[in-house]
Amino acid sequence: MTETLLEVRNLGVAFHNEDGVVRAVDGVSFGVARGEIVGLVGESGAGKTLTAEAIMRLIRCPPGRISGEILYRGRDLLALDEAELADIRGKDIAMIFQNPISSLNPVFRIGAQLLEAMALHLPARRRTLRDRVREIFTRVGIPSAERRAQDYPHQFSGGMCQRAMIGMGIACTPQPAHR
């Protein structure tokens with residue numbers, strides 16, 4: 001029997017404004033089993049990104065409101081407090097945003113941002129984490145990894161920023177979806 005890693009049941013995302021309630025996502029349900037790849041497909045504005053943001057609990061409440069159930073390994077992510085969620089976010093579940101440049105802090109070097117993300121979840125010395133930054137940059141195809149880790153986001157192309165964000169997504173060595 002295959003373990004269900006993520007189960008989304010009757011997910012709803014609504015926003016309250018002066019005109020009333022706007023239902024941006026309504027009744028979305030799906031599951032992701034270990035080793036399975038699931039894609040959300042739909043036209044622009046259909047709610048794909050909002051669904052992912054709801055799973056990560058990145059929607060500001062208020063004005064947004066998330067309803068339904070989001071179960072990760074049987075734990076309801078909507079019932080977790082921020083500290084419990086922070087332990088999962090970035091380590092077990094990561095999101096790579098559509099616009100990677102806006103996801104990176106422009107005043108910090110890209111390598112330092114990756115290192116800080118890893119330092120939150122990995123019990124390792126800074127030197128070890130710096131080595132891991134270079135390893136990850138190389139793995140995702142960023143040339144001259146040691147030198148490029150010292151660059152700021154505006155010094156990377158959009159594709160390079162996307163690679164850096166993919167690196168952040170895999171940096172904390174999430175458990176593989178297959179075993």
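For the chain, what's the relative contact order in percent, using C-alpha pairs closer than 8 Å and at least 6 residues apart? Each step should come with its number before you reach the end.
Numbers: 255 pairs, mean separation 39.9, N = 179.
Answer for the chain is 22 percent.
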*Output the peptides 61-69, 119-127, 145-153, 46-54 sorted from most to least packed, where packing is the average of other Cβ atoms within 10 Å over each peptide's residues.*
46-54, 145-153, 61-69, 119-127
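Net charge near L11: determine it from the other residues with C-beta under 13 Å of the C-beta of L11, scoring Lys and Arg +1 and Asp and Glu -1. Walk me through the numbers before you get to the answer.
Values: positive: R9, R23, K48, R57, R65; negative: E7, D26, E53, E69, D76.
Taking every Cβ under 13 Å from that of L11, the sum is 0.
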*Looking at A86, S144, L58, which one has the Cα that reaches farthest to the positive end of the dipole of the chain (charges on Cβ: Lys, Arg +1; Asp, Glu -1)?*
S144
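Working from the alpha-carbon coordinates of the chain, get Rg over Rh, Rh being the Kirkwood radius.
Details: Rg = 17.7 Å, Rh = 17.8 Å.
Ratio value, two decimals: 0.99.
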_Rounded to the nearest 20 debye, dipole of the chain from Cβ charges on Lys, Arg, Asp, Glu_ = 900
*What FRET efficiency comes out for the pair S44/V21, r = Cβ-Cβ distance, R0 = 25 Å, nearest 0.05?*
0.70
_Expected output is a single nm value to one decimal: the length gained when fully extending between R127 and I170, i.e. 0.36 nm times separation in residues minus the C-alpha distance. What is it?_
13.6 nm
*segment 34-125: relative contact order in percent, alpha carbon pairs under 8 Å with at least 6 residues between*: 17
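Every number in this text was worked out from the coordinates using simple rules, so none of it is lab data. All values reported here derive from a predicted model rather than from experimental measurement. Note that each Cβ is placed from the backbone with ideal geometry, even for glycine, and that neighbours are counted across all protein chains shown.
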